[in-house]
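Below is one structure, written out as structure tokens, with a few remarks after it.
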Amino acid sequence: MTITTPSTSRTTEDKLADLRTRLLEISDLGYAGAVLGWDQATYMPTGGAPARGRQKAMLSRLAHERATDPELGRLLDDVQPFAQSLPPDDDTACLVRVARRNFERAIKVPAEFVARRSTFSSVAYNAWTRARPADDFAAMRPHLERAVDFSREYAQFFAPFEHITDPLIDGADEGMTTVSVRALFDDLRGELVPIAKAICDQPMADDTCLRGPFPEALQLEFSMRAITSIGYDLARGRLDKTHHPFCTKFSDGDVRITTRVREDDFGEALFSSLHEAGHALYEQGVAGDLVGTPLGHGASAGVHESQSRLWENIVGRSRGFWEHFYPSVQRAFPAQLDAVPLDTFYRAINKVQRSLIRTDADEVTYNLHVMLRFGLETELLEGRLAVKDLPDAWRARMLSDIGVAPADDKDGCLQDVHWYGGWIGGGFQGYTIGNILAAQFHAAAVAASPAIPQQIARGEFAPLHDWLRTHIYRHGAKFKPAELVERVTGSAMRIGPYVTYLRAKYGGLYRLPTA
């Protein structure tokens with residue numbers, strides 16, 4: 001039925017078409033900026049940094065201007081009654097709801113701020129790529145101070161709030177707050193610390209079989225085989241090298257991932273590739289009808305991270321995965337692995353230890369790194385911790401929370417790009433939420449299809465991939481994170497499946513006492 005409004009002869013269908021056109025332009029500008037960001041992190045010469053910052057700032061400003069255009073707001077007002085007449089899970093109803101939320105958030109932020117922050121992010125990232133190898137925190141200190149200032153300034157656009165980090169957290173994981181994240185972390189810490197202590201008090205697993213040398217070309221070849229086996233579509237993506245691995249999307253037909261390779265570490269390239277491929281599978285699996293709209297991507301940072309952690313760890317570090325792949329890996333690296341039994345290799349890739357680097361941390365201690373980062377960035381934003389004191393605070397917190405402390409800043413507060421891309425706060429909780437949801441989603445998948453573990457051991461990854469695409473990927477951002485979790489698993493997010501998974505896996509590997 002064609003619907004007209006009294007104020008104009010334009011039909012609601014016409015206005016919805018106009019709305020979609022405007023949203024597609026915003027999306028395309030964002031993706032164009034992503035192309036520049038991908039190039040900066042992969043192939044761009046260092047001399048291109050100043051111009052690249054200006055170019056990204058221009059695209060960010062143009063996208064923000066379109067995202068805050070009063071006409072967009074009027075269109076949303078006009079189509080709102082029609083959207084509210086539809087079932088709440090209808091694509092159009094969800095589109096209008098999410099577009100409204102994005103518009104109302106965007107109009108609170110001045111365009112000049114968006115451009116300033118975008119320019120700064122390019123400068124700060126380029127500086128970090130030089131400062132980290134040089135162990136030069138002094139060079140990054142002014143950049144980090146500016147990043148803290150930018151985040152505080154941004155948060156103030158959303159005042160009043162209960163806590164300064166709340167607007168940052170809600171932007172990444174809708175519905176979460178500083179209070180709810182802290183409560184989640186407290187509950188999980190109570191479960192993780194005893195498990196980590198029971199394992200770390202034992203003799204460490206021998207992982208010398210992973211220390212190579214493993215030629216880069218062969219590592220990348222196997223990584224490519226692994227990610228395509230789980231479903232990553234190379235006709236709509238590619239794998240490249242970078243300083244800090246990431247996934248980026250330019251369209252539904254172009255979802256790229258990056259990795260990094262160390263010839264003295266078999267797992268670096270492989271598990272980074274599986275991690276980023278998990279993100280990419282999500283983006284490649286979004287329903288075509290949602291592409292180019294605010295629904296055409298993952299539901300939240302935490303839900304997105306659940307897919308990278310599911311494929312990297314629950315699948316990629318599983319016994320079944322290696323029952324399938326290990327013989328071919330031995331053939332690829334006979335001098336290094338031919339005499340290494342599968343049991344030894346499996347234990348090595350699941351070694352638990354007190355370690356310095358978050359991205360290298362095992363499943364048991366990883367979240368302790370996240371909690372540390374969340375705590376420190378919250379103190380920075382609150383003003384209780386000065387940037388100049390961050391290196392010492394980092395070392396002290398590492399020693400108290402994880403039991404080791406870095407000898408330098410390169411493996412301490414400079415260790416990864418987070419905080420040095422022009423933003424601080426609101427991101428780290430997504431990693432732990434992702435771990436929790438990965439186990440909860442996987443448990444739901446196996447409950448629905450009990451043969452999944454046996455299929456993985458035979459190298460059949462499509463059944464799990466298809467289940468995830470049907471229940472999670474195709475919906476994009478249609479549903480709020482909490483609603484999606486309820487729909488997929490039948491309950492709210494809870495730590496139980498994650499703790500059960502860790503106890504079962506590592507209880508077997510390390511003969512832990514039954515809880």
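Just one of the listed residues (458, 397) is within 14 Å of residue 315 (Cα to Cα), charged (D, E, K, R) and touching a helix residue (DSSP H, G or I) at 6+ places or on another chain (Cβ under 7 Å), and it is 458.
Within segment 357-369, at least one residue is within 22 Å of residue 129 (Cα to Cα) and in contact with a Ser or Thr (Cβ under 7 Å, 6 or more places away or on another chain).
In segment 418-430, the residues that are closer than 15 Å to residue 167 by Cβ form Cβ pairs under 6 Å with partners that are in a loop (DSSP other than H, G, I, E, B) and not charged (D, E, K, R), at six or more places apart or across chains, as follows: 425/165.
Taking the criterion of being open to solvent by less than 50 Å² (accessible area, probe 1.4 Å), of a type outside the set (A, V, I, L, M, F, W, C) and either touching a helix residue (DSSP H, G or I) at 6+ places or on another chain (Cβ under 8 Å) or part of a loop (DSSP other than H, G, I, E, B) (or both), the residues of segment 154-173 that qualify are 154, 163, 165, 166, 167, 171, 173.
The residue of segment 27-54 that is nearest to residue 248 (Cα to Cα), among those that are over 22 Å from the mean Cα position of the chain (by Cα) and aliphatic (A, V, I, L, M), is 44.
To keep it simple, each residue is scored yes or no on (1) open to solvent by 60 Å² or more (accessible area, probe 1.4 Å); (2) aromatic (Phe, Trp, Tyr); (3) over 27 Å from residue 299 (Cβ atoms).
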position: 36; (1), (2), (3): no, no, no
position: 47; (1), (2), (3): yes, no, yes
position: 69; (1), (2), (3): no, no, no
position: 73; (1), (2), (3): no, no, no
position: 92; (1), (2), (3): no, no, no
position: 98; (1), (2), (3): no, no, no
position: 108; (1), (2), (3): yes, no, no
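Residues of segment 51-73 that are free of Cβ contacts under 8 Å to residues at least 60 places away in the same chain and closer than 24 Å to residue 420 by Cβ: 51, 55, 58, 59, 60, 61, 63, 64. Quick check on segment 378-405: of everything there that is open to solvent by less than 10 Å² (accessible area, probe 1.4 Å) and in contact (Cβ under 8 Å) with a residue 60 or more places away in the chain, which residue is farthest from residue 152 (Cα to Cα)? Result: 390. Could you check, for segment 427-443, whether at least one of its residues is polar (S, T, N, Q), assigned to a helix (DSSP H, G or I), open to solvent by 20 Å² or more (accessible area, probe 1.4 Å) and at pLDDT 95 or above? No - not one qualifying residue is present in segment 427-443. Of the residues making up segment 482-508, those that are assigned to a helix (DSSP H, G or I) and surrounded by fewer than 18 Cβ atoms within 10 Å (Cβ to Cβ) number 10.
Yes or no, residue by residue, for (1) surrounded by fewer than 23 Cβ atoms within 10 Å (Cβ to Cβ); (2) without any contact (Cβ under 8 Å) to a residue 60 or more places away in the chain; (3) among the aliphatic types (A, V, I, L, M):
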{"position": "282", "(1), (2), (3)": "no, no, no"}
{"position": "292", "(1), (2), (3)": "yes, no, no"}
{"position": "295", "(1), (2), (3)": "no, no, yes"}
{"position": "313", "(1), (2), (3)": "no, no, no"}
{"position": "326", "(1), (2), (3)": "yes, yes, no"}
{"position": "330", "(1), (2), (3)": "yes, yes, no"}
{"position": "335", "(1), (2), (3)": "yes, yes, yes"}
{"position": "339", "(1), (2), (3)": "yes, yes, yes"}
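The values are calculated or read from the model by the stated rules, or taken from the named source; none is laboratory data. Note that this is a predicted model, so its numbers are computed, not measured. Heads up, the Cβs are rebuilt from the backbone with ideal geometry, glycines too, and the neighbour counts pull from every protein chain shown. Heavy atoms of the whole protein, side chains included, go into the accessibility calculation; ligands, DNA and RNA do not. Shrake-Rupley method; radii C 1.70, N 1.55, O 1.52, S 1.80 Å.
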